[in-house]
Amino acid sequence: MRLGTTVLAGCAMALAVYSAVHAQSKSVWDGVYSQAQAKRGEGVYTQQCATCHGEDLKGKEDLKPDPSPPLTVPDLGLSFDDTTLDMMADRIRTSMPKDKPNTLSREQVADVVSFILSKNGMPAGQGDLPSAAGPQKEIKFLTKKP
């Protein structure tokens, strides 16, 4: 009997912790970047990304040998829907620009991610998207508003 009570109490505590963690999670629909940050990101994007991904973020099919993918929903969701923003930021940071990977700072990458979010209709908020991976792991990329 005592073991059963202990197990039930442990399960209740685990459920409470799980619920608290998931209740606090954010998504890109919660205003996780600022308009000023998206504007900075537009400048970085124009200089570092637009050659391959296009001014309109629609990608370029005619690039040889590898076409560049669109950075717009729904295509962007094929790679990142229901993942966290650190995954998108890490992909950009470690592999872009294609001819100079690992040359953008974490701040520049966060600014570019903010620009991409803004161009996909995800709302701005009051503060900047953090450039560190830890806080970005707390933010889900969702193509559809929950």
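The values are calculated or read from the model by the stated rules, or taken from the named source; none is laboratory data. Being a predicted model, the structure only gives us computed values, none of them experimental. So basically every Cβ, Gly included, is an ideal-geometry build from the backbone, and we count neighbours across all protein chains shown.
Let me confirm something: among L85, L78, L129, which residue is among the aliphatic types (A, V, I, L, M) and surrounded by fewer than 15 Cβ atoms within 10 Å (Cβ to Cβ)?
Values: L85 fails: surrounded by fewer than 15 Cβ atoms within 10 Å (Cβ to Cβ); L129 fails: surrounded by fewer than 15 Cβ atoms within 10 Å (Cβ to Cβ).
Testing whether each residue is among the aliphatic types (A, V, I, L, M) and surrounded by fewer than 15 Cβ atoms within 10 Å (Cβ to Cβ) leaves just L78.
This table checks each residue for (1) more than 20 Å from K140 (Cβ to Cβ); (2) of a type in the set (D, E).
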| residue | (1), (2) |
| --- | --- |
| D56 | yes, yes |
| L63 | yes, no |
| P70 | yes, no |
| D75 | no, yes |
| K119 | no, no |
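So if I check each of L104, L117, L142, which one is at pLDDT 95 or above, surrounded by 17 or more Cβ atoms within 10 Å (Cβ to Cβ) and touching a Lys or Arg at 6+ places or on another chain (Cβ under 8 Å)?
Working: L117 fails: touching a Lys or Arg at 6+ places or on another chain (Cβ under 8 Å); L142 fails: touching a Lys or Arg at 6+ places or on another chain (Cβ under 8 Å).
Going through L104, L117, L142 in turn, just one is at pLDDT 95 or above, surrounded by 17 or more Cβ atoms within 10 Å (Cβ to Cβ) and touching a Lys or Arg at 6+ places or on another chain (Cβ under 8 Å): L104.
Note on region 109-146: residues that are closer than 17 Å to S25 by Cα and touching an Asp or Glu at 6+ places or on another chain (Cβ under 6 Å) total 4. D81 - would you say it is of a type outside the set (A, V, I, L, M, F, W, C) and out of contact with any strand residue (DSSP E or B) (no Cβ under 7 Å at 6 or more places or on another chain)? For D81, the condition - of a type outside the set (A, V, I, L, M, F, W, C) and out of contact with any strand residue (DSSP E or B) (no Cβ under 7 Å at 6 or more places or on another chain) - is not met. Assessment of region 58-72 against the conditions (crowded, with 16+ Cβ neighbours inside 10 Å, in contact with a Leu (Cβ under 8 Å, 6 or more places away or on another chain), in contact (Cβ under 8 Å) with a residue 60 or more places away in the chain and of a type in the set (A, V, I, L, M, F, W, C)) yields no matching residue. Against the condition touching a residue at least 24 places away in the same chain (Cβ under 8 Å) and farther than 16 Å from K26 by Cβ, how does R106 come out, does it pass? Yes, satisfied.
Output the residue which, of all residues in region 33-54 that are among the polar types (S, T, N, Q) and over 21 Å from I139 (Cβ atoms), is modelled with the lowest pLDDT.
Filtering first and then ranking leaves T51.
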